[in-house]
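Step one of this worksheet: look at the structure below.
FYI, it's all coordinate maths here, none of it is from the lab. Values in this document were obtained by computation on a predicted structure and should not be read as measured data. Virtual Cβ from ideal backbone geometry, glycine too; neighbours counted across all protein chains shown.
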Amino acid sequence: MQAALAPFQEAHATALAQPVANFFSPVPPVQEPGRLYDFFRASNDVQIEGDVRYVLKHNKTTCMTQKESGAWVDIIVSYWRAVKEIIKAEEASNQGRLGERQYVAVYDAWKDLTSNFIKHISGGALPAWAIFTLYFTANHLRRIAIKADDQLAKSKPATVNASFSDDIVSTVAQNQKLEEAARVFNRIFALCLGDRNPDLNESRKWGVYCVANLQFKTYFKLKAISLSKNVVRSIEAQSDLPPFKLYPKAHRVTYRYYTGVLAFLQEDYTKAEKNLQEAWDACYASAEKNKSLILTYLIPCRLITQHVVPKAPLLAESPRLERIFGPLVTCIRKGDLTGFDKALAEGEPEFVKRRIFLTLERSRDIALRNLLRKVYLAGGYDDLKEGQTEKDRIRKSRIPLVNFAAALRMGGQAVEDDEVECLLANQIYKVRVPCPVQDSLLTLPQGLMKGYISREHAMVVLNKKGAFPGTGV
Amino acid sequence: MPTATSAWGQPMQPPAYNAVQPRTTLQPASASSNTPAAASKPKKVEWPPAVRDYVRRAFDPESAIAGVSSLEMQTKLKETISYYAERNMQDSIDWTTYPLPQELIQEERRKAALMSPTNNGFANGLSSLHLNGANAQANSSPSTLKKRKSQDSEELAQQTQAILPPWRRTNLESRMTFAEGHNEKRQKKNAASDASSKLEQAELEKRRQRFNLGKAGNNKTPPWGASARDEDEMPTGPVVGTNTALEKSYFRLTAPPKAETVRPLPVLEKTLAMLTKKWRAEKNYNYICNQFKSLRQDLTVQHIKNAFTVKVYEIHARISLEKGDTGEYNQCQTQLKALYAQNLGGNPAEFKAYRILYFVYTCNKTDMNDMLAELTPADKTHEWIKHALDVRSALALGNYHKFFRLYLQAQNMGGYLMDMFIERERLVALANMSRAYISITLRFLTDELGFDNDEVCREFLESHGAQNIIEEKFDEKTGKQYRVKIREAAAHFEQLRAAAFSKVDIKGQI
């Protein structure tokens, strides 16, 4: 046992969370694949507690108080039990006779470990950095829970409704273990947020954002996204957190990303853009995957808020983004509505999966705007009046409705005459587009097109100046 | 800090027993306890209108007296009317002048206080001692009582004379005659077999006695309880019904159902035929909804999952849509979704279309996204689903012209669903048009907004406070013409639009 606990003692001596977390890992380190097995073989069910206690008591490298060493004994013993289950599951799977509750047993043991951590941290027995070790442990718990749920789902497909509900189908949880894990994370979150230690260096408040991120990940996976709002709300209600910019970059980027996506899903695009932009700016330059994830939401966001289409080099950076957005962006630029509809329909499965479909759909307005603008430009100029020069001559601002209708039909759109008017009306109105959750778009100063429709003359009368705001005409 | 956990725990682990108390209706309690012959088969009491009115007044919040809880009042009320019912003296009492139960209680208290002014509590204790029917009510939580109060008095009066399901007829008697030692034995047995805590177990057992087990009283062994061992497993196994009555009032289960109260499949099939016929003839939604709920319950407790089940839910969903009962509709829709997943037949396409339209109504983008993710390419080409998808995309793009065309083309119950948000979308379109046009003809507005005729359109504008913008003009060619100076009401329509989106009913949503 002495030898098996040597890595722990070394790690503990560094007083850093990461090395200790590395010791409490459900997978052996690459350079030492037999570590878990050796650790397991170093003791047995009966003696484990005594063994660990003995080693920690008589160690020379680290000095800890009685209380702390007691806590570690508890934690290491529960870790040993978890390792035992992991090895049992591994052996079973190697022999091809994996029982349906094998991973559940691993999960339960790992949950005990996590709970022990929580218990001793809240009891004040462990040093301040242990909160991050707990975070790593909890993250492992999340992965193990997902695995256990997969196994449970495979083993029993349907459950019988045994309750006295009036209806046939019961709402038995699909992700039972992950839901359970989410409750554990909630406890950890409360543990961090509620720390009253006045010394900020020792405070568990430094763990708030990384645990929040863990919760976001879990809730997204559980398709219970709305629960994330509670987390954000608690953080925003907490006034005495350390300044956000002092938190590690990794925590900040992920937190901003998730809050951005949450705002995005609530159609608060202004807030979403702000958060995602912050995440983008702080993101580590070579973290390609993270950057592409951020852009997946930032690009649709900016299409809505600023009517801005991403430039080619940005898309070229990531093949994934190019594949997702490339065709759409080309059609928007050209004002090709039929092409846009096709690209949207083709990309639908992917868009829906990323939850950006309904937002991207709205960028059809920009494609339409670009088409109408072409009609306007093709209309040419009014005749020169006295005193006017070539330079300041004015474009024809009264455009027959049939021109717009013709342009739409040339592009392959089957539209009725009244429908053309409706589309034009939308372009004029669009700044105040219905946005039921938050009328954030109201704050935007400009519409897509300026002018009015005159039915009597079958004309669109456009503003002499800035008929299509933001496009230079 | 608000904990997210509480939000989780609830829906995911439904309690095996619902903690809802059954409605303690005003059945002749003392009658059944005093005369055992009547107890086994209590006569159905037909309450005269005067008594019903008396009950109504008793429940009227205005006649409430401070210090007399509604629980005490109900007990007293029950005691009073059953006293006379039992002696067939209902008609000899002038119910309009008879003191209300709360007044009786007050009077009693006053007398008790006079007799022993120092021992008020004792007097109260005494009075509650002889109220033998109070047990069940004493257990009901304040929230259920409150809920009851909010029911309208008419319904309440109706329920006093409603036919009681058999298991409730016996409940009082069984409560009175249950041997104490017997209970304890049963409790132990169950506690051992079940993983739930002892406390819970005891609670459950108490409930079971209260509602279910006329067994000890009449020595009839229900089919599911052939042996003690079977009985322990009872909640998991399906019941096979033996009841042959076509009609049955809905009653929320709080204990395992008894076979004699449950109708088997052949009877249920007849019931459904009878109900659809009745619905067409009478259109009495309260009755139909109640019957359908009991029908669904009987299917559930017998674990019947087949094409018939699907049919029942479909018909109930359609009826509730027709009546705009979104709560009930959503319950059916949730079930249907799961039933369709098991390929039991029915019309999945129709109900997928409804779901899409419903999400349009609730503006639930998250659910809409999930819905779109679920649709297969084949689904998307289906006529009804395509219609619903077109409605969705027309609204998403603000294409009100197309939207109102689609409204007029809606099939099945789609029209009823679209009715739920048609007014809102008209306001959106008006807000939109008021920015794009300065003045338009009323006829154009009628056409664009899918109104039946100019008159309806005009009424719509007037009822939304826009009467001022309609003007009468004389045109040489067409004669008299109405024009709408729509630009002038732009800000007004914008306000109405925003208000229309701020309230969306989402009860029981999937």
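Need the full-extension length gain, residue B:286 to residue B:344, defined as separation in residues times 0.36 nm minus the C-alpha distance. One decimal, nm.
Between residue B:286 and residue B:344, full extension yields 18.0 nm more.
I need the trypsin sites (Lys or Arg not before Pro) found in the range A:1-88, filtered to DSSP loop residues with at most 14 other beta carbons within 10 Å of theirs. Can you show the working numbers first?
Numbers: sites: A:35, A:41, A:53, A:57, A:60, A:67, A:81, A:84, A:88; in loops: A:60.
In loop regions of the range A:1-88 (DSSP not H, G, I, E or B), the sparsely surrounded trypsin sites (Lys or Arg not before Pro) are A:60.
Roughly speaking, what is the centre-to-centre gap between the range A:188-225 and the range B:412-445 when only Cα atoms are used, to the nearest Å?
If you average the Cα positions of each part, the centres end up 47 Å apart.
How much length would be gained if the chain were fully extended between residue B:62 and residue B:439, taking 0.36 nm per residue of separation minus their Cα-Cα distance, in nm to one decimal? Present the calculation step by step, with values, prior to reporting the outcome.
Numbers: separation 377, 0.36 × 377 = 135.72 nm, distance 5.43 nm.
Gain on extension, residue B:62 to residue B:439, equals 130.3 nm.
Run down the aspartates and glutamates and flag those whose C-alpha is under 17 Å from the C-alpha of residue B:337, throwing out any fewer than 8 positions away in its chain.
Result set, ordered by chain and number: A:166, A:167, B:314, B:328, B:350, B:367, B:370, B:374, B:379.
Report, to the nearest 10°, how far helix A:401-410 tilts away from the longest principal axis of the Cα atoms in chain A, using its own Cα long axis and a range of 0 to 90°.
50 degrees
At R0 = 60 Å, how high is the FRET efficiency between residue A:383 and residue A:16 if r is their beta carbon distance? Nearest 0.05 is fine. If you can, show how the numbers build up before the last one.
Values: r = 79 Å, r/R0 = 1.32.
Using R0 = 60 Å, I get an efficiency of 0.15.
Using only Cα atoms and rounding to the nearest 10 degrees, what angle (0 to 90) does helix A:417-429 make with the longest principal axis of chain A?
Helix A:417-429 and the main axis of chain A meet at about 60 degrees.
Filter the GluC sites (Glu not before Pro) in the range A:294-395 down to the DSSP loop ones having no more than 10 other Cβ atoms within 10 Å, then list what survives.
A:386, A:390
Would you mind giving the mean number of other chain beta-carbons within 10 Å of the Cβ of each residue in B:398-405, as a whole number? Each step should come with its number before you reach the end.
On the way: counts 11, 6, 4, 11, 6, 1, 1, 3.
Mean shielding count: 5.
For a quick check: sort B:320, B:82 by the number of other beta carbons within 10 angstrom, fewest at the front.
Values: B:320 24, B:82 20.
With the sparsest Cβ surroundings first, the list reads B:82, B:320.
Mind jotting down the three principal axis lengths of the range A:248-362 based on Cα atoms? Whole angstrom, largest first.
Projected onto its principal axes, the Cα set of the range A:248-362 covers 47, 29, 25 Å.
For peptide B:293-302, compute the average count of partner chain beta-carbon atoms within 10 Å of each residue's beta-carbon.
Values: counts 2, 1, 0, 3, 4, 1, 3, 9, 5, 0.
Average per residue, whole number: 3.
Can you pull the one-decimal nm distance between simple spin-label points at residue A:320 and residue A:418, each 7 Å off the Cα toward Cβ?
In this crude label model, residue A:320 to residue A:418 measures out at 4.7 nm.
Taking amide H positions as placed 1.01 Å from N in the peptide plane, with prolines and chain starts having none, which residues 5 or more places from residue B:437, or on another chain, fall under 5 Å of its amide H?
Distant-sequence amide H within range of residue B:437: A:453.
Can you put B:363, A:331, A:301 in order, fewest other beta carbons within 10 Å first?
Working: B:363 19, A:331 22, A:301 28.
Listed from fewest to most nearby Cβ atoms, that is B:363, A:331, A:301.
What number comes out for the charge environment of residue A:22, summing +1 per Lys or Arg and -1 per Asp or Glu over other residues with Cβ under 14 Å away? Spell out each step's value before the answer.
On the way: positive: A:35; negative: A:10, A:32.
Here the count lands on -1.
Using the 10 angstrom Cβ neighbour count as an exposure proxy, how do B:332, A:283 rank, fewest first?
Numbers: B:332 26, A:283 22.
If I rank by nearby Cβ atoms, fewest first, I get A:283, B:332.
Filter the trypsin sites (Lys or Arg not before Pro) in the range B:441-482 to those in DSSP coil with at most 16 other Cβ atoms within 10 Å of their Cβ, and list the result. Each step should come with its number before you reach the end.
Values: sites: B:443, B:458, B:473, B:477, B:480; in loops: B:477.
Hits after loop and neighbour filter: B:477.
Rounded to the nearest 0.05, what FRET efficiency do residue A:461 and residue B:463 have when you use their Cβ-Cβ distance and R0 = 41 Å? If you can, show how the numbers build up before the last one.
Details: r = 32 Å, r/R0 = 0.78.
Rounded to the nearest 0.05, the efficiency is 0.80.
Taking each residue of A:418-430 in turn, how many C-beta atoms of other protein chains fall within 10 Å of its C-beta, and what is the average?
Values: counts 6, 7, 1, 7, 14, 5, 1, 12, 9, 2, 5, 11, 3.
Average neighbour count from other chains, rounded to a whole number: 6.
Give me the number: length gained by fully extending residue A:88 to residue A:312, i.e. 0.36 nm times residue separation minus the C-alpha to C-alpha distance, one decimal in nm. Working shown, then result.
On the way: separation 224, 0.36 × 224 = 80.64 nm, distance 5.27 nm.
Between residue A:88 and residue A:312, full extension yields an extra 75.4 nm.
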